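Bear in mind these aren't lab numbers, they're just calculated from the coordinates by the rules spelled out. Being a predicted model, the structure only gives us computed values, none of them experimental. Virtual Cβ from ideal backbone geometry, glycine too; neighbours counted across all protein chains shown.
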Amino acid sequence: MKQIFRRFLRRDDGVVTVDWVVLTAAIIGLSISVIVIFKAEVSTSARYIDNETTRPEPLEF
């Protein structure tokens, strides 16, 4: 039993995959957090810019 446990501790198959999965999950979680935090502010700014810009009159031929 000790030999099986030692072999289990020495093997590192799949470690890189687990690292990438954890890293990707962290990036996705942070991205979602940033989107949720700044969504209202960006929407308000976009509405302000839209209201302040002038729309050109259509050209008549």
When residues of the stretch 1-28 are filtered for being loosely packed, with under 10 Cβ neighbours inside 10 Å and of a type in the set (Gly, Ala, Ser), how many remain?
1
Scanning the stretch 1-10 residue by residue, those in a helix (DSSP H, G or I) and either touching a His at 6+ places or on another chain (Cβ under 8 Å) or among the hydrophobic types (A, V, I, L, M, F, W, C) (or both) turn out to be Ile4, Phe5, Phe8, Leu9
Can you find, within the stretch 38-61, the residue that is farthest from the chain's Cα centre (by Cα) among those that are of a type in the set (A, V, I, L, M) and loosely packed, with under 10 Cβ neighbours inside 10 Å?
Leu59
Please enumerate the residues belonging to the stretch 11-44 that are in a helix (DSSP H, G or I) and charged (D, E, K, R).
Asp19, Lys39, Glu41
